[in-house]
Structure formats: C-alpha cells, structure tokens
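The values are calculated or read from the model by the stated rules, or taken from the named source; none is laboratory data. Since this is a predicted model, take the numbers as computed values, not measurements. As a convention, Cβ positions derive from the backbone with ideal geometry for all residues, glycine included, and neighbour counts pool all protein chains shown.
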Amino acid sequence: MARTWIVPVATALVLLMLPLGLSPYMQETVVKIAIYAVFALSLELLVGVTGLVSLGHAAFLGIGAYVTVLASGDSGGSIAKVAPLAVLAAATYALFVGALSLRTKGVYFIMVTLAFAQMAYFVFHDTKLAGGSDGLFLYAKPTLGALNLDDKQHLYYAVIGTLIATYALLALLMRSRFGHALAGIRVNEQRMRAAGFKTYGYKLAAFVIAGALAGLAGFLLAVKDGAVNPELLSWHESGAVLLMLILGGIGSLRGAVIGAIAFTLLKELFQLESLLGPLASHWQMTLGFTIISFVALLPKGLIGLRARLAGASNG
C-alpha cells in the first residue's frame, strides 16, 4: 500500500515546487496539462474502471466551462459559488444522459453518448445566450478571499491542488466497496447482478461522478483561457481525451495522467515551426501517426513501458 503512494506523493511534491524554476510559458503548459489530466481522470472512471466507453464526455467539460463564464458575470463572482455551479450543471446533465444512455450497451452506448454531446454542442453553438459560434469571454475571474485566479501563481496552485485532490479521490474510490463493484461490472456484469448488485445504479453513479469531475476541469479551463467556445463540447475533444487514456494506458490512474502529459506535449511539439518547418501546419497528421505507432508498439500504453523493458531485459 505504501509503495503505491510513493510515486504519486513524490510527483505532487515536485509539481508544487516547479514554479520556483519554471518560465511563465512552461508554467502555463504545466497548468494546461494538469487540467487535461483532471479531465482524463474523469473519463478513466468510466472507461478504465467501469468499462463504459463514452464518446460524448466533452459535453460535461464544455457545460462546466460555459456555466463558469455565465455565472461569473462582469464582476467575476466567488469561487465558492461559481465552481459548485459548474460542477452541478455538468453532473445534472450527466444524470440525464446517463439515465437514458445506460439502458444501451456496446457500440449503441457509444453512439448515444455522442448524440447527446452533439445535441449539447448545437445548443451552445446556436443560441445567443452562449455567444453562438464565437463563444463567450470571461471578463473577470472568480476569487475567494486572498485566492485570485487572475494571478498566475494562484491559478497554478489551484489547478495542481485540484489534480492532486481528484487523483486521491479516485484512488480511494477504487479501493472502496463501490470501486470494487464497478470493477466487477466491467469484468462480468451478469455475475454482479446475480450476486445481488443493482448494476444500473452503480453505473449511473459512476457516470454522474465522471461528469461532475469533467465539469470541474471545464471550470479550470475557462478560468485559464478566459474564454469558451462550442468546440469544447465537440466530438473532437471527446476523442482527444479518449486518446489520452489509450496513450497512457487504460485501467490505471497513473496512465490517465501520463497520457494527458504525453498527448499535450506531443501536440505542442508538432506545432513548432522552428522544429518541423512546413510540417508543423499538418501537426494533426504527424500526431496521428505517432499515436498509432505508440499503440502498435505499446498496446498497454506508456504505463506498460516499464514492464515491457523489464521483460526484454530478462529475456
């Protein structure tokens, strides 16, 4: 038990001390990675723990982001009010989507979640309240006492603290009776039902928790960027976070974080004209080939690289 916590705790300590030696650009990159790590962890609860592959998870990210901007208004508001509203809005929509989509399975579940996400996308895209295709700007960021998210240092520690809390929450949840039940559902849902577990309720609870955490990531993303647009709810964002899990390794919280780090850094790297020249304008193609190569060489994701190297050395 102690060994499993050594790496996460050491990583958390390093992250808390990083601003001492980081440039403003690198600090902003770490913040971006940490926000997407929270987003990836929220989907890991569905895909890796429960075995529910969703292609509409970005809807909850976008809803959390939009509610953040709308609730902040011109004055910014209080974090104690805005953040819970963003999480609650995402969780409420997750409850609605999950209550209907969880009555389906397999590819039908994937398509239904995608359909609900696209429905939410067009609601925000086509309404004046949400700013249409141009989105909305966050003119004043929410505050809480001495905590001012307009300050880069405050934002950094708020985001890193949220990532640490999210990781710890999911780690504890996976070790609980609830987490073991979700793992059992992933392995054999019929056997769990035969054992007396109401699997629908467990899956719906996991879906709502995942949606709430995605809404929390949306709150942080809106505060970081100072603007939101309908693309946050698009299937591209849902596909990107799913790729993070595949890249890092499905079935592991560490894999979700590693995948978010790798995906974000690769995306930034392949857009550098100073490094790739004209090829930088085609970064999606380069990123796609790279991810395909990783998946082909490391089917268990980057989290399985250590075991593979150990097996190769023993062989």
(message) Please go through the range 131-146 and give me each residue that is at pLDDT 85 or above and aliphatic (A, V, I, L, M), ordered by number.
(response) Leu136, Leu138, Ala140, Leu144
(request) Kindly list the number of the only condition in (1) among the small types (Gly, Ala, Ser); (2) surrounded by 14 or more Cβ atoms within 10 Å (Cβ to Cβ); (3) outside any loop (DSSP other than H, G, I, E, B); (4) in contact (Cβ under 8 Å) with a residue 40 or more places away in the chain that fails for Ser133. (result) (2)
(message) Restricting to the range 140-155, and then to whatever is in contact with a Leu (Cβ under 8 Å, 6 or more places away or on another chain) and under 20 Å from Leu18 (Cα atoms), can you tell me which residue is surrounded by the fewest Cβ atoms within 10 Å (Cβ to Cβ)?
(response) His154
(request) Would you mind stating whether Leu173 is under 18 Å from the mean Cα position of the chain (by Cα) and farther than 17 Å from Ala34 by Cα? (result) yes
(message) Please go through (1) in contact with a helix residue (DSSP H, G or I) (Cβ under 9 Å, 6 or more places away or on another chain); (2) crowded, with 16+ Cβ neighbours inside 10 Å for His180 and return the number of the only condition it doesn't satisfy.
(response) (2)
(message) Criterion first (over 12 Å from the mean Cα position of the chain (by Cα), among the acidic types (Asp, Glu) and either crowded, with 20+ Cβ neighbours inside 10 Å or within 15 Å of Thr29 (Cβ to Cβ) (or both)) does Glu273 satisfy it?
(response) no
(message) Quick check on the range 220-242. Is at least one of its residues more than 30 Å from Gly132 (Cα to Cα), crowded, with 23+ Cβ neighbours inside 10 Å and either modelled with pLDDT under 95 or not basic (Lys, Arg) (or both)?
(response) no
(request) Could you check how many residues of the range 176-200 are in a helix (DSSP H, G or I), free of Cβ contacts under 8 Å to residues at least 24 places away in the same chain and over 15 Å from Lys105 (Cα atoms)? (result) 8
(request) Go through (1) buried (at least 23 other Cβ atoms within 10 Å of the Cβ); (2) farther than 30 Å from Asn188 by Cα and name the single condition Gly77 misses. (result) (1)
(request) Kindly list the number of the only condition in (1) part of a helix (DSSP H, G or I); (2) surrounded by fewer than 24 Cβ atoms within 10 Å (Cβ to Cβ) that fails for Ala59. (result) (2)
(message) Which of the helices (runs of 4 or more DSSP H) found entirely inside the range 214-315 contain at least 1 residues meeting this: farther than 30 Å from Gly73 by Cβ, of a type outside the set (Val, Ile, Thr) and without any contact (Cβ under 8 Å) to a residue 12 or more places away in the chain?
(response) 253-269, 273-276, 283-297, 305-314
(message) Please go through the range 265-294 and give me each residue that is of a type in the set (Ser, Thr, Tyr) and over 20 Å from Leu245 (Cβ atoms), ordered by number.
(response) Ser274, Ser281, Thr286
